[in-house]
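Quick notes on the structure that follows.
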Amino acid sequence: MRVIPSLFGTDSQTKRAEILEYFLSTFDLYEKLFEPIVEDKHFRIAPDAQRHPLIFYFGHTAVFYINKLVLSGVIEERIDAQMEAIFAVGVDEMVWDDLEASHYPWPTVGSTRDYRRRVRERIAALIATAPLTLPIRWEDNFWWVLLMAIEHENIHLETSSVLIRQLDSAYVRPHAQWAIATDASMQTPTNDWVAIAGGTVSMGKAVEADYYSWDNEYGEATVEVAPFEAMRSLISNGEFWAFVEAGGYAQPEWWDEEGAQWLLESKRTYPKFWVARSDGSYAYRAMLEIIDMPYNWAVDVNYHEAKAYCNYLSQKLGQNITLPSEAQWYAIAQQAGVGEVMHEGNIALRHASSCSVDRYRFGELFDVCGNVWQWTSTPIDGYRGFRVHPFYDDFSTPTFDGKHNLIKGGSWISTGNETLLSSRYAFRRHFMQHAGFRPIRGSAVGTTDEVKPLFIDEEIAHLCQRHYGAKAQYPLAMVEYLVGFIEHPSRAHVLELGCEVGRGAFELARHVAQVTALDFTARSIAVSVALQQNGRVEGVDLEAMGVAAHASKVAFFQGDACNLKPHYSDYDAIIATADVLGLYAPQEFLDEIAHRLGLNGVLLLAASAWSTSMTAPIETLCHSIAPSTTIAGLEVRVWRKNSDV
């Protein structure tokens, strides 16, 4: 079992060697996950329509190391800028996700594998030479970001294994690394109820905690949990079969509104990883093979299916049965004596599959951790004291929308941070993971705190005031200035870089045919999209501003202005209203941005100070069309692309 390294230690060289081994084992294990794929062409398949093809995930985790180290200022030189753009951003069914296939000229498997080799060598060299002071802390630009990237790869080991499990079984082959458990049985284990004492549950952690943690794990929350009962075992395939046999997927009274809508759209009549046979029975899809149904293994379902089963059981038994809240799950773990590092049970690849739900005992219960993740009734939010980490500001906050529920306890493939009791991962309620559930019953169950419909922290609130406040002039003045230079604005397509919370994009849409608006920060885009969809957020009203009728002309995406994807090109105008010198790589941006203009396209940029050397790359392709002017305290310059380039 690979053990997550402590942030503490007394000898820096010993810790350096420990982290090097952790990095190499994580990086190499991830590559082994893709070895069972039969042919390179199968990497270009998206097993889930709401996900990228597998080639993206093969490259993404390696690119993450480089992109985060560039962002943190640890390194300046990229390995392959195009790969580091194409493989940069995943998807989570956010409105700003980009799933347009034509935007992704995917590299070959061979070139991606070679890129991964180069990243492995570079990171290993950095580990060998970077200064190391113990303990490692949140503010450490290299070591914290390195651990962030390693844990990011551990996450994708799990989520990519789910995608491979959805790939046609003809496209994968057995592999010694991924041997499944050997305890499959046609017998369904008995299940009963265990009394959980409840009591005071303390959640969250201080920044001085022992292990690397994601931002949403820090802070504090204390909950008084009333006594309740929990099922001794996770629900098995055999138990869930009774729900399927009872017509569970066709009984509307067992599904809430959101679950019923998912059922209508998905047309599911049995769990995702069951395989229907012609005789009416079911087989079971493990990651790489189809086997006879293991009735004693934990069932894999999404939240809606888990909740519907609880409603079915409630009706059958005449009792109030539901899923545990986050605090109630902690009460179960507390009673079972589970420590912070969950190393017992079917976890961290003890097997490469689920196993019998009565195999790994934790006191009176089984599988308090491991086997499959456990759905909770709690939509994720930040604890008191939550703050965003500046180098991964969109890890948690996009999920603070009331639509992502926490899963707890880890699964058979969970490693690293995922094996911590305090880890907090959340998924959309219809998503598939290696996840199941443990029903509970009692007088006060399933209670959750109110969840913010849109997460707005102090920084985003400041941007909203700057864009939409009563005296807001930014970025209106720059937008109005730009429009005067655009030829045929009613037919123009404009790219706005650094759109923040969207005011400039909405104002541009008054005048032009189409606006593509990018920002590096998902928290900012979330406000822009919420305004676009709802017309009103936190007192900002697009109708009152006179732009509601034009808002549909804007497309918001998350993107890196210093390393744009290839398809962001051929614009009639490009505008970046923030200080160019505030970018993490301003000269890289200036070297490349003029190439994104179409013929006679207009470029408007602002900076706190300009120099001839900074703008020289632009002026090889463009000519100045107006004297520099000062707007919002920045020196604004405008160029037009030469007609002969």
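To the nearest 20 debye, what is the magnitude of the charge dipole of the chain about its Cα centre, counting +1 on the Cβ of each Lys and Arg and -1 on the Cβ of each Asp and Glu?
640
Run lengths n ≥ 4 of DSSP H only: what is the helix-derived mean residue ellipticity at 222 nm for the chain, with -39500 (n - 2.57) per run over all residues, to the nearest 500? Write out the running numbers ahead of the final one.
Details: 16 runs with 194 residues, N = 645.
Calculated at 222 nm, the ellipticity per residue is -9500 deg cm²/dmol.
Determine how many Å³ per residue the convex hull of the Cα atoms of region 458-587 encloses.
On the way: hull volume 14.4 nm³, N = 130.
Convex hull volume per residue, Cα atoms: 111 Å³.
Just round it to a whole percent: the fraction of Cα-Cα distances in the chain exceeding 51 Å. Intermediate values should be presented prior to the final figure.
Details: 28210 of 207690 pairs.
Above the 51 Å cut-off, the chain has 14 percent of its Cα pairs.
Would you list the membrane-span-like helices of the chain, meaning whole DSSP H runs whose alpha-carbon atoms span at least 18 Å along their axis and whose mean Kyte-Doolittle value is at least -1.0?
12-34, 54-71, 109-129, 143-166, 303-317
Using a Förster radius of 35 Å, what is the FRET efficiency between Arg361 and Glu208 based on their Cβ-Cβ separation? Nearest 0.05, please.
My answer for the efficiency is 0.60.
How large is the convex hull of the Cα atoms of region 524-642 per residue, expressed in Å³ as a whole number?
Dividing the Cα hull volume of region 524-642 by its residue count gives 135 Å³.
With both partners inside the chain, how many of the DSSP beta bridges are antiparallel, as a percent to the nearest 5?
Bridges in the chain that DSSP calls antiparallel: roughly 70 percent.
Between Thr222 and His595, what's the calculated FRET efficiency when r is the beta-carbon distance and R0 is 60 Å? Round to 0.05. Write down the numbers at each step before the final one.
Values: r = 55 Å, r/R0 = 0.91.
Efficiency at R0 = 60 Å is approximately 0.65.
Between Ala461 and Ala176, 0.36 nm times their residue separation minus their Cα-Cα distance comes to what?
Between Ala461 and Ala176, full extension yields 97.4 nm more.
In whole Å, largest first, what are the principal axis extents of the Cα atoms in region 336-404?
Dimensions of region 336-404 along the principal axes of its Cα atoms: 41, 24, 23 Å.
Counting only the backbone N, which residues of region 99-127 are under 13 Å from the spot 7 Å out from the Cα of Glu31 toward its beta-carbon?
Output list for this probe position: 110-124.
Considering region 136-270, what Rg and Dmax in Å follow from its alpha-carbon atoms?
21.4, 55
In nm, what is the difference between 0.36 nm times the number of residues separating Thr200 and Ala472 and their Cα-Cα distance? All intermediate terms of the calculation are to be shown ahead of the outcome.
Working: separation 272, 0.36 × 272 = 97.92 nm, distance 4.72 nm.
So the chain would gain 93.2 nm between Thr200 and Ala472.
What is the spin-label model distance, in nm, from Glu121 to Ser628 if the labels are put 7 Å beyond Cα along the C-beta direction?
Inter-label distance under the simple model: 4.2 nm.
Would you mind getting me the FRET efficiency between His488 and Gln50? Use the beta-carbon distance for r and R0 = 41 Å, nearest 0.05.
The formula returns an efficiency of 0.65 here.
Label points 7 Å out from Cα along the Cβ direction at Ala555 and Ser611: separation in nm?
About 3.8 nm separates the two model spin labels.
What lysines does Lys41 reach when the alpha-carbon gap must be under 28 Å and sequence neighbours fewer than 8 apart in one chain are set aside?
Lys32, Lys272, Lys565
Which length gain, in nm to one decimal place, applies between Ala242 and Val3 when the Cα-Cα distance is subtracted from 0.36 nm times their residue separation?
Here the segment from Ala242 to Val3 would lengthen by 82.2 nm.
Which pairs in the list Lys307/Lys403; Lys15/Lys408; Lys68/Lys471 are over 25 Å apart, alpha-carbon to alpha-carbon?
Result: Lys15/Lys408; Lys68/Lys471 exceed 25 Å.
Values quoted throughout were computed directly from the atomic coordinates according to the rules given, and no laboratory measurement underlies them. Predicted model only: the values in this text are computed from it and were never measured. All Cβ positions, glycine included, derive from the backbone under ideal geometry; neighbour counts span all protein chains shown.
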